[in-house]
Every structure is written in structure tokens, then in C-alpha cells.
Amino acid sequence: MVPAPTTEAAGPVPSLLPLAGLVRSVTTPDFAGITFHEVTAKSVLNRVPAGSRMPFEWTVNPYRGCSHACVYCFARKTHTYLDFDAGMDFDSQVVVKVNAAEVLRKELTRPSWMREQVALGTNTDPYQRAEGRYRLMPGIISALADSGTPLSILTKGTLLARDIPLLTSAATQVPVGLGISLAMTNEALSEAIEPGTPGPRARLKLVTRLREAGLPCGVMAMPILPWLSDSDEALDALFASLAAAGATGVTAGALYLKPGTREWFMKWLAGNHPELVGKYRRLYESGSYASKEYRSWLAGKVRYFKARHGFANTAGFSHRDLDDPRGEEAEYPAGIIPAAPPAGRASGAPAAGSQAGQPTLF
């Protein structure tokens, strides 16, 4: 098979001049509309800041920017640190740490390394389409496993299936956590709001393949989108599908709109669902989080449908709550729906006069 031609830019693009280690900027017909900026990194192990409430202390991100193009991605603002914008540039200007595996292997040999868990997929997806070209993950997985370092991976990318044999082998050496990000089963909605990702059916098949290989596979069902994917029908279909696929646990929570993401998401909403713009502004008027009332209402529904499909007492994935560190803030015991909702809040089942069972306040 003849590889597609590659075009190399004459020199570093202006916005990347300050980026250390830039080797070249590449475009190829196989990845139309995407520019890869290949860099050599001095370090790839990142320590999670103290007080971040994350259940891991170290991360590795071989890519910056992501062609999955999820409108709601919480990592969008990080692209502005490279003088790119948080919108289209995040989707199309992908920075690739081409020497990530080699640098990581060296870092893991340091006497100071304590073999604490390393999480992958915390900022941008390590199995986005670029991984098919650069194949960085096999070297990263091997380096971690060979050094005795536990690892976890969160992804939407079905390219992960390529590395199932390697992950199965790694799991005999160190604890391996795997999580698939999937928060909706509506294929049309998925295509509209996360256009570069494999669709929900493909990700469900990946969950099953991982389980059939004997690997654990939790699901990060985030973000649940107000008025778009939070109805009883949508949540019931989601958790039923996850149970049928064999997911070992589910963590779910509401859309998180931090600065950088908020502006891009609201632009998309205005173009696709203008009738919801005012509702979202009111729901998120206090900041990045949906109102406490909405999150508590949603958590009650989530617990109900988790219980209905056998997830009541199971933990989700170890990358828990990356989109919203507050996660499932339910005030109800697992699997219990209140007999009557508190004032302004609907119960787990649709309430008369509410839209898809949402609190009538909204």
C-alpha cells in the first residue's frame, strides 16, 4: 500500500514559534483539514497539582489538541497556552510529542520514581485519529508496564482495540484501568456534537471486546446534556446499552462549561438548538457548573437508572469526574427515587408539567 503524500510546511507556523522542540508541521490527505505539529519533548510525565481532587498523581498526554472535535470538551482552553484558539484550532491543530515513549522510558528509570499510577486521556484523547499515524501508545504502555507502573486509559477512540493484546499482557505486570467515554446512544446527536469520534454503537462494541479479552472496562458517561440527553428515555437507553455491553461500572454527570469551552459550546447551541440558549444561560448563570438543583435532580435519575440496570453499587472509572470534579452529587441513597421531589425538583420519573422530567424551574 502506497502511503499518502505528506506536505511539510516551509518552517514553523508563526503561532508555534515559542513552542520548544518543534520539528516540523505536517499535512496529509489522509487527515484533511488537520495539521500535525511534531515536537520533541524533554519530559512527558506531568504531576497533577496538589488539591486537584483527581484520583491519580501523574499523567501523560502524547497529544495536544484533538480531532474528535467534541464541542463540549473541557480541555479546549489549554490550546490557548500555545497561542491557538479554543475552537477550530483545538480540533485541527494537533501537537504530537513524537518521542513520548522514549522520554517516558527514561523518566521511569529515575531512582526517585515511586511507580504511582499514571493516567492517560486526562486532557486530550490518546487514541484520537492521529494515533493511527504516529503509534505512540504501544511504546508508552510498554514503558509503563515494564517499569512496574500502574496505568489507566480513558478514550473515545476505537483504535484502542489495536492494542488489546498489549494491554492484556500489561495487565499481567501491573494494574491496568480502562475507561470508555460514552454519554449518549443517539447516533445523530453524537455525530452533531462530537463529530470526529467513533459513534456510540462502535464504542459499545469496544466495551464488549475489552470485556471479552478479560479486561475491566468502566464508562465515563459525561457529559449528560440538559434538554438533549437527560430524558428518561435517553438515560434508560444509555444504561441498558452499557449493561448489555458488559461495562464494569459507570460514572455519570452533567455538562461542565468552563471558560474556553463555554463560548464554543454556546455558539454551537445557538446554531443547532437556538430555543435552548436562554435555558442554558439560566442553568449555568452561576459559572461552569449547572445549578445545584439540576445536578441533584440529574443525580437522582442517574442513580435510579444505574440501579435498574445493575450498576447501583459499582464504581465507575478511575479517571472519575474529569469533566466535572463534583461528579454525581446525588442526595439519595443508591438506587432510590424519592417518593416526592423537593420543591422545584422532579423525581427520577417524568413529572407532569416538566420537560423530559426536568425541574419545572427551568
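Brief remarks on what is shown
- If you go through the range 165-187 and keep only what is of a type outside the set (A, V, I, L, M, F, W, C) and surrounded by 15 or more Cβ atoms within 10 Å (Cβ to Cβ), you end up with Q173, G177, G179, S181, T185, N186.
- Of all residues in the range 53-75, those satisfying the criterion of being closer than 22 Å to G132 by Cα and either without any contact (Cβ under 8 Å) to a residue 60 or more places away in the chain or not hydroxyl-bearing (S, T, Y) (or both) are V60, N61, P62, R64, G65, C66, H68, A69, C70, C73, A75.
- Residue count, the range 269-297 (criterion: out of contact with any helix residue (DSSP H, G or I) (no Cβ under 7 Å at 6 or more places or on another chain), in contact (Cβ under 8 Å) with a residue 60 or more places away in the chain and surrounded by fewer than 16 Cβ atoms within 10 Å (Cβ to Cβ)): 1
- Filter result for E191 (more than 13 Å from C73 (Cα to Cα), touching a Pro at 6+ places or on another chain (Cβ under 7 Å) and free of Cβ contacts under 8 Å to residues at least 24 places away in the same chain): no
- A single member of W264, W297 is modelled with pLDDT of 95 or more, among the hydrophobic types (A, V, I, L, M, F, W, C) and under 22 Å from C66 (Cα atoms), and it is W264.
- Search result, residues across the range 123-164 that are among the charged types (D, E, K, R) and part of a loop (DSSP other than H, G, I, E, B): D125, R129, R135, K156
- Qualifying residue in the range 148-163 (condition: in contact (Cβ under 8 Å) with a residue 60 or more places away in the chain and among the hydroxyl-bearing types (S, T, Y)): yes
- Members of the range 177-199 that are assigned to a helix (DSSP H, G or I) and within 26 Å of P55 (Cβ to Cβ): none
- Single residue of the range 103-139 satisfying the filter (surrounded by fewer than 19 Cβ atoms within 10 Å (Cβ to Cβ) and acidic (D, E)) that is nearest to S181 (Cα to Cα): E116
- Selection status of T197, polar (S, T, N, Q), closer than 14 Å to L154 by Cβ, at pLDDT 95 or above and within 18 Å of the chain's Cα centre (by Cα): yes
- Any hit, the range 75-92, residues being under 24 Å from P198 (Cα atoms), at pLDDT 95 or above, in contact with a strand residue (DSSP E or B) (Cβ under 7 Å, 6 or more places away or on another chain) and assigned to a loop (DSSP other than H, G, I, E, B): no
- Residue selected from the range 304-314 under the condition of a type outside the set (A, V, I, L, M) and at pLDDT below 95, by the criterion surrounded by the fewest Cβ atoms within 10 Å (Cβ to Cβ): N313
- For the range 19-55, the tally of residues that are among the hydroxyl-bearing types (S, T, Y) and part of a loop (DSSP other than H, G, I, E, B) stands at 4.
- Residue match in the range 233-254 (condition: over 18 Å from H309 (Cβ atoms), touching a residue at least 40 places away in the same chain (Cβ under 8 Å), over 14 Å from the mean Cα position of the chain (by Cα) and not in a helix (DSSP H, G or I)): no
- Among residues of the range 144-164, those that are surrounded by 18 or more Cβ atoms within 10 Å (Cβ to Cβ), small (G, A, S) and within 29 Å of L238 (Cα to Cα), counted: 2
- Residue within the range 95-110 that is on the phi < 0 side of the Ramachandran plot and modelled with pLDDT under 95 present: no
The values are calculated or read from the model by the stated rules, or taken from the named source; none is laboratory data. Since this is a predicted model, take the numbers as computed values, not measurements. As a convention, Cβ positions derive from the backbone with ideal geometry for all residues, glycine included, and neighbour counts pool all protein chains shown.
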